[in-house]
Amino acid sequence: MADSTTKLELIAILDDVFRRRGYEGATLAELAAACGLGKASLYHHFPGGKDEMARVLLHRAVAELNTLA
């Protein structure tokens, strides 16, 4: 992830990987590579690991749905 990449851009990248691979299929190595980060850097942004990433994406999806209601 370049210094200019925002947290929202990072979340969008993670969303793409989870959508393509599913929760079980998305490995930390794949998630980190897609973001252009090492695993340690990905954990810096999401200390709770893959579970935290999935929670953030779920909250984002619910918020988007709420705007449609």
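For every helix of n ≥ 4 consecutive DSSP H residues, a contribution of -39,500 (n - 2.57) applies; sum these over the chain, divide by its total residues, and give [θ] at 222 nm rounded to the nearest 500 deg cm²/dmol. Provide the component values of the computation, followed by the final result.
Values: 4 runs with 54 residues, N = 69.
Computed mean residue ellipticity for the chain: -25000 deg cm²/dmol.
Could you do me a favour and compute the accessible area per residue for the chain, 1.4 Å probe, result in Å²?
That works out to 65 Å² per residue.
Please state the relative contact order of the range 4-51 as a whole percent: Cα pairs under 8 Å, 6+ residues apart? Can you show the working numbers first?
Values: 21 pairs, mean separation 13.4, N = 48.
The value is 28 percent.
Can you work out the FRET efficiency for the pair LEU65 and GLU30, with r the C-beta to C-beta distance and R0 = 30 Å, to the nearest 0.05? Display every interim value, and only then the final one.
Numbers: r = 27 Å, r/R0 = 0.89.
The formula returns an efficiency of 0.65 here.
For the chain, compute Rg over Rh where Rg is the Cα radius of gyration and Rh is the Kirkwood radius from the inverse mean 1/r over Cα pairs. Could the numbers behind the result be given before it?
Details: Rg = 12.0 Å, Rh = 12.3 Å.
When Rh is taken as the Kirkwood radius, the ratio is 0.98.
Give the long-range amide H neighbours of ALA26: residues separated by 5 or more places, or on another chain, with amide H under 5 Å away, using H modelled in the peptide plane at 1.01 Å from N.
Result for ALA26 returns nothing.
Over the chain, with every protein chain in place, what whole percent of the accessible area is carbon and sulfur at 1.4 Å, could you tell me?
Working: 2590 of 4480 Å².
About 58 percent, which is the carbon plus sulfur part of the accessible surface.
The values are calculated or read from the model by the stated rules, or taken from the named source; none is laboratory data. All figures in this text were calculated on a predicted structure; none of them were measured in a lab. Glycine also receives a Cβ, built like all others from the backbone with ideal geometry; neighbour counts cover every protein chain displayed. Surface accessibility is based on the protein's heavy atoms, side chains included, excluding ligands, DNA and RNA. Shrake-Rupley method; radii C 1.70, N 1.55, O 1.52, S 1.80 Å.
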